1. Amide H to amide H under 5 Å from Val220: which residues, 5+ apart in sequence or cross-chain, H placed 1.01 Å off N in plane?
2. Quote the FRET efficiency, to the nearest 0.05, computed for Val60 versus Ala353 with a Förster distance R0 of 41 Å and r equal to the Cβ-Cβ distance.
3. Whenever you get a sec, compute what percent of the accessible area on region 58-151 sits on carbon and sulfur atoms (1.4 Å probe).
4. Work through the residues other than Gly54 whose Cβ is under 9 Å from its Cβ and net out their charges, Lys, Arg +1 and Asp, Glu -1.
5. Per-residue HN-Hα couplings for region 298-314, Karplus 6.51 cos²θ - 1.76 cosθ + 1.60 at θ = phi - 60°, whole Hz, x for Gly and Pro?
6. Run the simple label-point estimate for Glu215 and Val202 please: 7 Å along Cα→C-beta, distance reported in nm.
7. Where does the charge balance sit around Leu363 when Lys and Arg score +1, Asp and Glu -1, over other residues with C-beta under 12 Å from its C-beta?
8. For Glu339, which sequence-distant residues (separation of 5 or more, or a different chain) have an amide H within less than 5 Å of its own amide H, given hydrogens modelled in the peptide plane?
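The values are calculated or read from the model by the stated rules, or taken from the named source; none is laboratory data. The structure displayed is predicted, hence computed values, not measured ones. Positions of Cβ are backbone-derived with ideal geometry, glycine not excepted, and every protein chain shown enters the neighbour counts. Remember, those area values only see protein heavy atoms, side chains included, never the ligands or the DNA or RNA. Shrake-Rupley method; radii C 1.70, N 1.55, O 1.52, S 1.80 Å.
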Amino acid sequence: MATRAKDKTAEKPAAATPPPDPSVTDRLRLEVERAVQRSLKAIELLGAAPPDVGRTPKQVMHRRGTLELVRYQAMADEVYRVPLLLVMAPTNKGYILDLTPGQSLVEYLLQRGYDVYMLDWNPPSDAEGRLTIDDYVLDFIPDCIRRVQQDCGEQEVTLVGYCAGGLLSTLYQALHADGPVKNLVCFTTPIDFSSMKIFRAVSDERAFDVDGFVERVGVVPSDVVASGFEVLRPASRIAGQVRLWDNLWNDQFVKGYRMMERWGNDTLPLPGGYFRQMTQQLLRKNALHEGRLRIGGRPVDLGRITVPLLSIVAQYDHIVPPECSRPLIERVGSRDKQEIMLPGGHVSIAAGANAIKRMWPALDAWLQQRST
């Protein structure tokens with residue numbers, strides 16, 4: 001009788017399914033948890049109030065139109081003799097230097113024993129549309145210095161200017177070389193505007209009638225000012241939103257992102273006269289770097305600046321590239337002068353984790369020796 005051969009293959013036991021890799025399982029579980037958290041956080045953010053910023057105790061000493069002078073409450077038992085007057089760019093609010101406890105340059109300086117004031121800005125009124133750089137340099141800054149002197153009882157002051165605030169402080173010092181400023185500190189301060197190529201391109205007189213525009217609007221709207229910055233990095237807002245979505249599960253990241261976003265959205269309108277002068281004299285003619293800028297009818301000579309100078313430059317600054325700010329250290333007549341280039345961008349050089357680790361200690365070390 002014929003017999004059927006046995007199927008030896010069928011007799012083999014089925015191969016056991018290998019157990020899942022614990023590391024893969026953990027990663028999948030983590031991604032699922034984060035996806036759920038992202039969805040819940042996204043719903044929360046839709047109705048969330050703006051983040052609380054600028055919380056360091058302070059008082060407004062003086063307010064005049066767009067100008068606001070603030071004094072911060074001391075945090076140290078012993079305070080350096082020479083006060084600091086922080087000068088902000090007229091396009092932005094000063095709370096970028098005072099985001100939240102632990103992430104505040106102002107708080108850091110107060111804790112290190114400095115007497116801190118800030119020249120901050122409010123939106124200019126329609127009546128202030130004709131304000132020019134001259135008004136900021138020859139009126140607003142001197143007025144605030146006098147009030148700081150009266151308030152603290154000291155004659156000498158250290159000016160600390162950020163971006164265009166550094167530009168205004170530099171112009172002031174060049175025209176008041178024998179005045180009360182003991183030290184000058186500038187963060188990301190523009191000097192050679194030929195390096196701001198995209199700004200120069202969009203402001204070219206063949207494409208933009210700045211006189212006609214200013215006559216029509218008086219005060220330049222904040223969205224026009226903001227669009228000028230956004231054109232430098234057109235994908236930055238989208239990239240930021242992508243990073244936010246990826247990190248919605250991370251409360252600390254979301255908190256920091258929302259504070260920065262609030263500050264970015266708080267871009268201020270500008271007086272038309274200031275805007276026109278910046279466009280015509282600095283962006284188009286590069287008059288400061290070329291030695292042809294006049295303020296109040298007086299020539300601006302950076303060589304007349306002889307006080308101790310610290311210039312802090314951001315290596316990856318897309319608004320004020322290093323080649324735009326580096327001529328400052330070359331042009332001033334100071335013997336005691338130092339430039340520090342740090343990794344970071346225009347904002348991260350002054351606020352955020354990078355600033356806390358690098359810029360703030362460098363600034364403190366420089367000021368300690370020159371504030372007594």
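1. Sorted by chain and number, the residues that satisfy this are Leu270, Gly272.
2. With R0 = 41 Å, the Cβ-Cβ based efficiency is 0.85.
3. Here carbon and sulfur together make up 41 percent of the probe-accessible area.
4. Combined, the nearby Lys, Arg, Asp and Glu give +1.
5. 10, x, 9, 10, 5, x, 6, 7, 10, 6, x, 10, 10, 10, 9, 10, 8
6. The modelled label-to-label distance comes out at 2.4 nm.
7. Every neighbour counted, the sum reads +2.
8. Ser311
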